[in-house]
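A.B. asks: What follows is a structure written as structure tokens; I'll ask about it next.
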Amino acid sequence: RQARLFDLRVARKLKPDDAGILVTAAAGRLSLRRAGELGLVTLLDYPTAHHKTLLALTQEEAARCPEMADTLPPLQVLESMTPELDEEIALTHRILSLSSFTTSSFLKAGIERERILEIPPGVDTQRFRPGPRKADGVFRILLVGQLTQHKGVSDLLEAFDRRFELDAAPA
């Protein structure tokens with residue numbers, strides 16, 4: 001609701017002398033429409049895979065691991081957003097993609113390659129790198145991401161189980 005109200009306000013404020021607009025997916029359909037009417041450059045920030053790919057992956061993960069399905073976005077919400085997301089994509093000049101996987105999902109959905117700008121997030125590998133490993137025998141895993149089945153939480157739990165089964169097995 002907040003995103004829709006913000007979108008409406010932004011759409012009303014756009015002027016012909018604005019250079020362009022950057023919109024986040026699922027939050028700027030009205031602004032993209034108005035920007036198109038004014039002939040402005042439009043960019044759509046799409047931080048996930050194409051919504052049809054996301055829907056298919058969500059269905060697959062829910063079926064593969066039903067006990068973790070409640071960590072996934074509700075299928076009916078994803079399905080209900082399809083027309084709006086399709087319109088946003090149709091209205092924008094360029095789509096910002098964070099990864100080759102995201103780009104691939106848009107290409108698979110029939111979006112022209114020249115409309116996709118792939119800009120992976122950067123990291124300073126000199127500043128952020130693994131430190132020396134502690135020799136204390138403790139098994140550690142770092143999960144960077146949401147605790148959802150999309151990020152493989154069930155696979156992580158299965159890996160823990162296997163690790164501890166091996167540790168507990170008789171020699």
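The values are calculated or read from the model by the stated rules, or taken from the named source; none is laboratory data. Note that this is a predicted model, so its numbers are computed, not measured. So basically every Cβ, Gly included, is an ideal-geometry build from the backbone, and we count neighbours across all protein chains shown. Ligands, DNA and RNA are excluded from the accessible area calculation, which covers all protein heavy atoms including side chains. Shrake-Rupley method; radii C 1.70, N 1.55, O 1.52, S 1.80 Å.
A.B. asks: Are any of the residues in segment 139-154 in contact with a helix residue (DSSP H, G or I) (Cβ under 6 Å, 6 or more places away or on another chain), open to solvent by less than 90 Å² (accessible area, probe 1.4 Å), hydroxyl-bearing (Ser, Thr, Tyr) and part of a loop (DSSP other than H, G, I, E, B)?
C.D. replies: Among the residues of segment 139-154, at least one is in contact with a helix residue (DSSP H, G or I) (Cβ under 6 Å, 6 or more places away or on another chain), open to solvent by less than 90 Å² (accessible area, probe 1.4 Å), hydroxyl-bearing (Ser, Thr, Tyr) and part of a loop (DSSP other than H, G, I, E, B), which makes the answer yes.
A.B. asks: Residue pairs, Cβ under 7 Å, 6 or more apart or interchain, first in segment 67-82 and open to solvent by less than 60 Å² (accessible area, probe 1.4 Å), second part of a loop (DSSP other than H, G, I, E, B). List them.
C.D. replies: Close Cβ pairs (under 7 Å, with a partner that is part of a loop (DSSP other than H, G, I, E, B)) amount to THR71/LEU147; THR71/THR148; LEU72/THR148.
A.B. asks: So for segment 106-124 (the condition being touching a strand residue (DSSP E or B) at 6+ places or on another chain (Cβ under 8 Å), assigned to a helix (DSSP H, G or I), without any contact (Cβ under 8 Å) to a residue 40 or more places away in the chain and not charged (D, E, K, R)), does at least one residue qualify? Walk me through how you get there before you give the answer.
C.D. replies: Just the residues of segment 106-124 that are touching a strand residue (DSSP E or B) at 6+ places or on another chain (Cβ under 8 Å), to begin with: 106-107, 111, 115-119.
Applying the additional criterion that residues be assigned to a helix (DSSP H, G or I) yields 106-107, 115.
Of the ones still in play, those that are also without any contact (Cβ under 8 Å) to a residue 40 or more places away in the chain are 107, 115.
The next check asks that each one be not charged (D, E, K, R); those that pass are 107.
Within segment 106-124, one or more residues are touching a strand residue (DSSP E or B) at 6+ places or on another chain (Cβ under 8 Å), assigned to a helix (DSSP H, G or I), without any contact (Cβ under 8 Å) to a residue 40 or more places away in the chain and not charged (D, E, K, R).
A.B. asks: Then there's this: Report, by residue number, each residue of segment 90-102 that is in contact with a helix residue (DSSP H, G or I) (Cβ under 8 Å, 6 or more places away or on another chain), assigned to a helix (DSSP H, G or I) and β-branched (Val, Ile, Thr). Give the steps one after another, and end with the answer.
C.D. replies: From segment 90-102, those in contact with a helix residue (DSSP H, G or I) (Cβ under 8 Å, 6 or more places away or on another chain) are 91-95, 97; that's our starting set.
Retained after the next criterion (residues that are assigned to a helix (DSSP H, G or I)): 91.
Passing the criteria: none in range.
A.B. asks: Suppose we keep only residues that are in a helix (DSSP H, G or I), under 17 Å from MET81 (Cα atoms) and open to solvent by 40 Å² or more (accessible area, probe 1.4 Å) within segment 1-19. Which one would you say is modelled with the highest pLDDT? Steps first, answer last, please.
C.D. replies: Residues of segment 1-19 that are in a helix (DSSP H, G or I), as a first pass: 2-13.
Of the ones still in play, those that are also under 17 Å from MET81 (Cα atoms) are 2-5, 7.
Next cut, open to solvent by 40 Å² or more (accessible area, probe 1.4 Å) only: 2-5.
Working: GLN2: 90, ALA3: 89, ARG4: 90, LEU5: 95.
Checked segment 1-19; the qualifying residue modelled with the highest pLDDT is LEU5.
A.B. asks: Related question: Which numbered condition in (1) without any contact (Cβ under 8 Å) to a residue 24 or more places away in the chain; (2) under 16 Å from the mean Cα position of the chain (by Cα) is the only one that LYS134 fails?
C.D. replies: Exception for LYS134: condition (2).
A.B. asks: Take the residues in segment 21-61 that are small (Gly, Ala, Ser) and outside any helix (DSSP H, G or I); name whichever of them is surrounded by the most Cβ atoms within 10 Å (Cβ to Cβ). Break it down stepwise before answering.
C.D. replies: If we filter segment 21-61 for residues that are small (Gly, Ala, Ser), which is where we start, we get 25-28, 31, 35-36, 39, 49, 56.
Those left that are additionally outside any helix (DSSP H, G or I): 25-28, 39, 49.
Working: ALA25: 21, ALA26: 17, ALA27: 18, GLY28: 28, GLY39: 8, ALA49: 23.
For segment 21-61, the residue satisfying everything is GLY28.
A.B. asks: Among the residues of segment 98-107, write down those that are of a type in the set (Gly, Ala, Ser) and surrounded by 15 or more Cβ atoms within 10 Å (Cβ to Cβ).
C.D. replies: Within segment 98-107, the first condition is being of a type in the set (Gly, Ala, Ser), and the residues that meet it are 99-100, 104-105.
Within segment 98-107, SER99, SER104, SER105 qualify.
A.B. asks: How many of the residues making up segment 83-97 are open to solvent by 70 Å² or more (accessible area, probe 1.4 Å) and either touching a residue at least 12 places away in the same chain (Cβ under 8 Å) or of a type in the set (D, E, K, R) (or both)? Spell out the reasoning first.
C.D. replies: First pass over segment 83-97, keeping only residues open to solvent by 70 Å² or more (accessible area, probe 1.4 Å): 83, 90, 93-94.
In the following step, the residues that additionally are either touching a residue at least 12 places away in the same chain (Cβ under 8 Å) or of a type in the set (D, E, K, R) (or both) were identified as 93-94.
Result for segment 83-97: 2.
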